[in-house]
Amino acid sequence: MMNQEEIINSQTSADVHNMLADSGYSEKAIGYYLEKPYMGTIPEADQISQMVGSCGDTMGVYLKVKQGIITDARYEVLGCPGAIASAMAAVDLIKGKSLEYAREIDDNDIFKVLEHIPAKKHHCIQLAVKTLRKAIDEYEMTNMKQ
Ligand code: FES
């Protein structure tokens, strides 16, 4: 039996689900948004970078890097469902991959993972990509100096 709070939560997430589905988000994108599998920070991250999008929303990316491989990544997102889903999809694309590979990830790759989000949300995908590229650039700059 669900308690009162669980009933309210499940109603809320069903409402959110329906609202997003109606506005053009795929099931996959909605799942990323509701579950937020890679949302948060990494203690002792090797790189932390932030970016503010043209809409004013903010993303931070945390990378753990070992011998040129991204062993772990997290995003902190103060933004819309499209931004959150894009960031989560980005982590699925780059985890366990090289920095060079991750730098080549583009909007289209993320869109393919998400399957569909509303056209007016494509700049949210760009924010996830730009934040990741900034983090890779800053990581490489810091580590070249050493
Ligand atoms: Fe700002 Fe989506 S509206 S990132």
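Rounding to the nearest 20 debye, state how big the charge dipole of the chain is about its Cα centre with +1 on each Lys and Arg Cβ and -1 on each Asp and Glu Cβ.
It works out to roughly 380 debye.
Given the options Gly31, Gly79, Gly56, which has the most mean-square fluctuation in a GNM of the chain, springs set between C-alpha atoms less than 10 angstrom apart?
With Cα springs under 10 Å in the chain, the top fluctuation among Gly31, Gly79, Gly56 is at Gly56.
Among the listed pairs Lys95/Lys134; Lys95/Lys120; Lys36/Lys66; Lys95/Lys121; Lys64/Lys121, which have their C-alpha atoms separated by more than 22 angstrom in this model?
Over 22 Å apart, Cα to Cα: Lys95/Lys120; Lys36/Lys66; Lys95/Lys121; Lys64/Lys121.
With springs connecting C-alpha atoms under 10 Å apart, model the chain as a Gaussian network and identify which of Ala128, Ala87, Ala14 has the largest mean-square fluctuation.
Looking only at Ala128, Ala87, Ala14, the biggest GNM fluctuation is shown by Ala14.
Could you point to the residue in Leu99, Asn143, Leu132 farthest towards the positive end of the range 75-146's charge dipole, with +1 and -1 charges on the Cβ of Lys/Arg and Asp/Glu respectively?
Positive-end residue among those listed: Leu132.
Hey, got the Cα dimensions of the chain along the principal axes, in Å, largest first?
55, 34, 26
What's the FRET efficiency of Lys112 with Thr12 using the Cβ-Cβ distance as r and R₀ = 25 Å, to the nearest 0.05?
Step by step, r from the Cβ atoms, then E = 0.25.
Taking +1 at the Cβ of each Lys and Arg and -1 at the Cβ of each Asp and Glu, which of Met88, Val113, Gly60 sits farthest along the dipole of the chain towards its positive end, judged by Cα position relative to the Cα centre?
Final value for the positive-end residue is Gly60.
Can you give the local net charge around Lys28? Use residues other than it whose beta-carbon is closer than 12 angstrom to its beta-carbon, Lys and Arg +1, Asp and Glu -1.
Here the charged neighbours net out to -3.
Can you give the net charge of the other residues whose Cβ lies under 12 Å from the Cβ of Cys80, counting K and R as +1 and D and E as -1?
With Lys, Arg at +1 and Asp, Glu at -1, the net is +1.
For the chain, which DSSP H helices look membrane-span-like by this rule: Cα extent along the axis of 18 Å or more and mean Kyte-Doolittle of at least 0.0?
The qualifying helices are 81-94.
Counting each DSSP H run of 4 or more residues in the chain as -39500 (n - 2.57), what helix-only mean residue ellipticity at 222 nm follows after dividing by all residues, to the nearest 500 deg cm²/dmol?
The helix contribution divided over the chain gives -17500 deg cm²/dmol.
None of the figures in this text is laboratory data; all of them are computed from the coordinates on show. Since we're looking at a predicted model, the values are computed, not measured. With ideal geometry, Cβ positions are generated from the backbone for all residues, glycine too; neighbour counts draw on all protein chains shown.
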